[in-house]
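> To start, I am sharing the structure in question, which I have written as structure tokens.
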Amino acid sequence: MSVLRIELRRSAAAGAALLALAVGVAALYIAPGRWSEGWMSLTLTVKEYMILLWPIALAAGAWQGRREHRAKVGELFATTPRSRIRRMLPVLVAMGSSVGLAFLLVVAAGGMRIASTAAYFPPDVVAITLVGALCLVAAAWLGLGIGRLLPTLVTAPVLAVAGVLLVFFTVIMRPDWMGAILSPAYGSTPFYPFQTIDPRVTAVLALFMGGLALTGVLLLVAGGRRASVAAVLPVLLGFGAAAAIVPRDDAALVAPVDPVARELVCTDDAPKVCVTRVHANVLDALTPLARQGLSVLAKMPNAPTQAHEDRRALFLEDAPARDADIVTIDVRIDDHGGLAHPDAVVPEMVFGLGTGYGNGECERNGAVERAAAYHLLGREPVSDVGVIPEMIEEDPQLNAEAVTLWQGLQKLPAPEAIARVTAVRDAILACRDTTGLLSR
């Protein structure tokens, strides 16, 4: 233990860990909105930052690996009775434990921010985090071995650049299963809040990184050229074992869904408002807004009576069959884990007149739908830039046409105006053209 303390104090281990920790935490807190939704979002974001952390560990190991060459003590140590592997064990433990702990502390630094708001803790988070720490250990040990074989000043910076390129290109390489084996950042790009990483993908990464770590150890302690060549055997065996069990289907490789995180959590009383389990913490804030939107839609006959969070996995699956009793809501989370853009909840529910996902192949008349929605809202159509988050610009002509149609509705008796708005809703559901339904 005294030797290990000396290694921690005098080697590059502490510096590498502090650098990785500083870079990881800084990258997290520059954009907290990317991971404020919950534990899995945090874990995936830290995993994505492997493009920075993995090269740091690799370069730090290479810098440490040339220490004996730099001090010109290699021949002196070779005359001692202690074997090379016993002499290298403290530096291996120091480097590996330091960078591995740094990765865990980066996750913990983000976890302190979301601990009070994250409503769901997926068990897979533990395995993904531990394998992430193993990835940094493997990088550091591989760097030690390469640094010992190539003890030049340029080895560490060259490996840092090579590490960035390796992580980047293995993430996007095809076929996907190859990237799942080779890349410490594979599967980390977040698409939706109930995304996860298949346990088999986590397992194959652990196999490959374990082989890579053992290769680094053998390169560090190898006594000759043959031993150095034989050191590549563990990484080849790790790759072979991983290739034998890695899933090949897109459902497991391309942004898989955690079914538990996707389950609905609903209010006990009516009108029922439901969100996914991963967003359960915002149910209380969302409920009065969703019920306000339902009351606006209730001006039409046969209006929906429940509001559910949209649970589609973006464009990776078809929209489920529409339930006429349910209107869907986009739930957004702010940087602090609370409900973001509350002012957009009611307008978004009313736009589309409660028709749910709709049919992307149907022709839509934006001005007609806009005028009908604003009639239900009881106010003149205005620009939604700044209210609807994704809207950054708007067609002035479309809004002007909607204002003209809205003004025409205001001149009609209330029952007739609602009948025309309902006709627009029914035409949307039947995939018919809505043009002229408000001005007939």
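The values are calculated or read from the model by the stated rules, or taken from the named source; none is laboratory data. What you see is a predicted model; the values in this text were computed from it and never measured. Ideal geometry is used to build each Cβ from the backbone, glycine not excepted, and the neighbour counts take in all protein chains shown. For accessibility, only protein heavy atoms count, side chains too; no ligands or nucleic acids. Shrake-Rupley method; radii C 1.70, N 1.55, O 1.52, S 1.80 Å.
> Between 153, 166, 130, which is surrounded by fewer than 21 Cβ atoms within 10 Å (Cβ to Cβ), assigned to a loop (DSSP other than H, G, I, E, B) and hydrophobic (A, V, I, L, M, F, W, C)?
Within the list 153, 166, 130, the selection yields 153.
> Do we find that residue 214 is crowded, with 18+ Cβ neighbours inside 10 Å and in contact with a Lys or Arg (Cβ under 6 Å, 6 or more places away or on another chain) in this structure?
So residue 214 fails the test.
> Also, quick follow-up: Mind listing whichever residues of region 252-268 are open to solvent by 70 Å² or more (accessible area, probe 1.4 Å) and in contact with a helix residue (DSSP H, G or I) (Cβ under 9 Å, 6 or more places away or on another chain)?
If the condition is that a residue be open to solvent by 70 Å² or more (accessible area, probe 1.4 Å) and in contact with a helix residue (DSSP H, G or I) (Cβ under 9 Å, 6 or more places away or on another chain), then 263 is the only one that fits.
> Which residue out of 148, 113 is part of a helix (DSSP H, G or I), touching a residue at least 40 places away in the same chain (Cβ under 8 Å), more than 23 Å from residue 23 (Cβ to Cβ) and open to solvent by 20 Å² or more (accessible area, probe 1.4 Å)?
Result: 148 is the single residue among 148, 113 that is part of a helix (DSSP H, G or I), touching a residue at least 40 places away in the same chain (Cβ under 8 Å), more than 23 Å from residue 23 (Cβ to Cβ) and open to solvent by 20 Å² or more (accessible area, probe 1.4 Å).
> Ok, one more. Restricting attention to region 312-335, does a residue exist that is farther than 29 Å from residue 430 by Cβ, open to solvent by 80 Å² or more (accessible area, probe 1.4 Å) and among the acidic types (Asp, Glu)?
Within region 312-335, not a single residue is farther than 29 Å from residue 430 by Cβ, open to solvent by 80 Å² or more (accessible area, probe 1.4 Å) and among the acidic types (Asp, Glu).
> If I filter region 28-58 down to residues being among the aliphatic types (A, V, I, L, M), in a helix (DSSP H, G or I) and open to solvent by 20 Å² or more (accessible area, probe 1.4 Å), which single residue comes out as nearest to residue 109 (Cα to Cα)?
30
> Taking the options 217, 257, 246, name whichever one is under 24 Å from the mean Cα position of the chain (by Cα) and farther than 30 Å from residue 119 by Cβ.
246
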